[in-house]
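Contents: one structure, followed by commentary.
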Amino acid sequence: MKNNCLLLLALFAPLIMRAGIRVVEPSVKTPTRFAIVIDRTSYDKVRPAADAYREAVEKDGLGTYLLVVENETPDRIRERIVRLSGEKSPLEGVVLIGDIPIPMIRDAQHLTSAFKMDQSRDWKETSVPSDRYYDDFDLQFDFIRQDSLRPLYYYYSLSPRSPQHIDSDIYSARIKAPERPGQDKYRLLEKFLRKAAAAHAVSNPLDSLFVFRGHGYYSDDPTAWADEQRTLREQLPDLFLPGHRIRFTDYDTYFPLKAHLLEEIQRPGTDVVLGHHHGAPNMQYISGNKEIVGFADAVGLIRMWLRGQMSRSKDTSKTKAEWMARLGFPEAWFVRSDSLRIADSLYKRSLNIHTDDIYGCRPAARFIMHDACYNGSFHLDDYVAGAYLFGDGLTVAAQGNTVNAIQDKWPDRLIGLLAAGVRIGQWGRHTHYLETHLLGDPTYRFANTADPGLNLGKAIVLRTEDNAFWLKLTEHPLPDVQALALQRLYANNYPGIVPLLKKRFSESPYGAVRMEAYCLLKEKSDADYREVLVQGLGDNYELIRRMCMQDIGECGDDSLIPVHVKAMQEERISPRTNFYGHDICNLFDPVKLKAEIERQWEGKEQLWPVTYAEKASLMETIDRYEEYVKTDLETMADPNKPLKERQEGIRTLRNYHYHRYVPRYIAFARDTSQPEELRVAMVEALGWFGQSYQREKILDLCDDLIRNGGNSRVADEARKSKSRLNGE
């Protein structure tokens, strides 16, 4: 009988081994550890390359677990990662290789930088693919279902019981090969892993940086562009010394810029590329239309545009007649032909970088940051970051976003840490949103040329709560080391953190340090924050002024109207900051705002004639927006309006925080006669008022709904909004 049992075990052993998660312990003892998670099929296909990559990481001083998984859910994988993090040597990061399940997160749009989409639409489009599921252990999720067509997609809802902010315990990255016709994804994966392993064998200082900006990014603001260059000089000072290389180029340097850009990205010796542009999953948007310098250019552009209108029209005769009648275009301008169609197609192709273009070149940079929408969409078959990683170049790591991302963030935050030998994963862990991902090898690091005596990467993990250590580093010569130290002290609830942040904001000569102090004080949204908010409108760093201008509106207190109007006049030469100055006008009491505009503009018409016309236009805009706001209020309250239309009106409050009407929004949320779906939507929308001067009233509402609502949907949403408003 015993022999029969052994025979059965032998027969079924392969099936048993292929199920679940097999864990291989690190082969070296190191202060911190790393984990490779790879699916069984990928491991079987690329085992020598995967083992070579693991060996290279261990030789670089990072003992590495190997987790081979098959047919496992995200829950089980996450559970095992959390368990590994509790070992004696702490886990600092993880890389997910191949076909590892992809958490598709719902009901967590407040954790993104910009993503706000109606979740009643296609779940593949309205969920956020995010590995915060794997690297932030405090976040709690409720499983919904697995996608029937895309079995790697697992849909989760962010739980009301969960913290409502991101604080990743470890770093994470994806190594997922694109699936392109005619290419074997396993050969691509094998080639990449060998490239990553080889990169670890070379000590490479960060001594060559390339930064570019595409068309239409933050209003094409030259002030913002100039200040970024100035601040990078503070963050990476050695790059500006003789013998090093740093280059900047803008979308209008050449037309089209594409070929020049690809040439620079392939320049031998380039270490890092920082790209600021708009994007799609398979495209980097670089150039707009050619600058019009004469009548012929203008006519040519109009004719091409009209050909596009005709090609999309179902009734070309009607379309032609409408445009001829509306603007008097001659009939000859509507002429189409195969040669013109091909010429138009080639012209459009020349404007932007497509994944095919990337595969056709050899990028030299080891790390590329894609500060753009969708370029990091690893959950799709083809994506921009993947083209850089899995092509014929040297790139081993990239940062990108799985969905759309806001322009007005701080993309270069802590970037100077890369010159201090910090692994790319550790840098990324301190800068990401729900949609932000590292792709490729997160353990890659440049040689520590900034401060060879300081092992900052290990300190982040092993001395995370050592306030004396971090307090000392607030005096470090490198501003990004100072900024990281401020982050750690804030996270540790260091007793003197607020006075320290205010002092650094007022006195630091470094824009990066002042910006870090501002961001941390902003999380509190209290009187101390209001003080630096006003002060920041006069800062010499454009990004601080831009953020403060936006946040004046997020606060919405009418007492701030005078400083807002003053700042609007002073920022007229800074396009992006000026944009926000006008954009937030509808968030204040219109009567008080218009009165203050009249007061401050009085007597300046002769000095600056242009301001008179600007003022008149601004007054009209304020009145028009107020009509929109009142219409939305009426729609929300009207029971005869369709439910979807009323819900859309409430949803606008996520983007536009009309603070003066918060009491009416609260009354609506309390009104049990309203449909539950609308009350839930209102409570969720009020959770976006995190900096509002009305925040305490919203918190009182949440407490009442939680106390009296039991386990209702309204009470659950109130729990989430309360946590968001409290920064928990």
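Descriptive notes on the structure:
- Meets criteria (among the hydroxyl-bearing types (S, T, Y) and either at pLDDT below 95 or in the same structural domain as C548 (by TED's automatic domain parsing) (or both)) for S692: no
- First in the range 38-49 and free of Cβ contacts under 8 Å to residues at least 12 places away in the same chain and buried (at least 20 other Cβ atoms within 10 Å of the Cβ), second anywhere and small (G, A, S) and part of a helix (DSSP H, G or I), Cβ under 6 Å, 6 or more apart: none
- Filtering D118, D138 for residues that are at pLDDT below 95 and more than 30 Å from A447 (Cα to Cα) leaves a single hit, D118.
- Condition met for K644 (within 21 Å of D107 (Cα to Cα), surrounded by fewer than 20 Cβ atoms within 10 Å (Cβ to Cβ) and of a type in the set (K, R)): yes
- Selection of helices (runs of 4 or more DSSP H) fully inside the range 60-147 by the criterion of at least 3 residues being touching a residue at least 24 places away in the same chain (Cβ under 8 Å) and under 29 Å from V46 (Cβ atoms) returns 74-85, 132-135.
- Test: residue in the range 94-116 that is within 21 Å of V57 (Cβ to Cβ) and under 19 Å from the mean Cα position of the chain (by Cα): no
- Residue-level analysis places N493 among those that are on the phi > 0 side of the Ramachandran plot, out of contact with any Asp or Glu (no Cβ under 9 Å at 6 or more places or on another chain) and not small (G, A, S).
- Y285 falls short on exactly one of the conditions (1) under 30 Å from G376 (Cα atoms); (2) more than 27 Å from the chain's Cα centre (by Cα), and that condition is (2).
Per-residue answers, yes or no, for (1) within 16 Å of the chain's Cα centre (by Cα); (2) over 14 Å from R429 (Cβ atoms); (3) surrounded by 17 or more Cβ atoms within 10 Å (Cβ to Cβ); (4) among the basic types (K, R):
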| position | (1), (2), (3), (4) |
| --- | --- |
| E125 | no, yes, no, no |
| V128 | yes, yes, yes, no |
| D131 | yes, no, yes, no |
| S148 | no, yes, no, no |
| Q164 | no, yes, yes, no |
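- Residues being touching a helix residue (DSSP H, G or I) at 6+ places or on another chain (Cβ under 7 Å), under 30 Å from G421 (Cβ atoms) and aliphatic (A, V, I, L, M) - total across the range 273-315: 1
- When residues of the range 385-406 are limited to those that are of a type in the set (S, T, N, Q), assigned to a loop (DSSP other than H, G, I, E, B) and buried (at least 24 other Cβ atoms within 10 Å of the Cβ), the one nearest to the chain's Cα centre (by Cα): T402
- Qualifying residues in the range 705-725 (those that are surrounded by fewer than 15 Cβ atoms within 10 Å (Cβ to Cβ) and either in the same structural domain as E523 (by TED's automatic domain parsing) or assigned to a helix (DSSP H, G or I) (or both)) - the one modelled with the lowest pLDDT: N708
- Number of residues in the range 407-426 that are crowded, with 24+ Cβ neighbours inside 10 Å and under 20 Å from A197 (Cα atoms) equals 6.
- Among the criteria (1) out of contact with any Leu (no Cβ under 8 Å at 6 or more places or on another chain); (2) surrounded by fewer than 22 Cβ atoms within 10 Å (Cβ to Cβ); (3) within 26 Å of N352 (Cβ to Cβ), the one L257 does not fulfil is (2).
- The set of residues from the range 473-508 being touching a residue at least 40 places away in the same chain (Cβ under 8 Å) and either assigned by TED's automatic domain parsing to the domain that holds H165 or not small (G, A, S) (or both) comprises L478, P479, D480, V481, L484, Q487.
- Positions within the range 346-384 being in a loop (DSSP other than H, G, I, E, B), over 20 Å from the mean Cα position of the chain (by Cα) and hydrophobic (A, V, I, L, M, F, W, C), in sequence order: C361, A364, A365
- Selection from the range 504-541 of residues that are more than 21 Å from the chain's Cα centre (by Cα) and not in a helix (DSSP H, G or I): S508, P509, Y510, K524, S525, D526, L537, G538, D539, N540, Y541
The values are calculated or read from the model by the stated rules, or taken from the named source; none is laboratory data. Given the structure is predicted, the values throughout are model-derived calculations rather than measurements. Cβ atoms come from the backbone with ideal geometry, glycine included; neighbour counts cover every protein chain shown.
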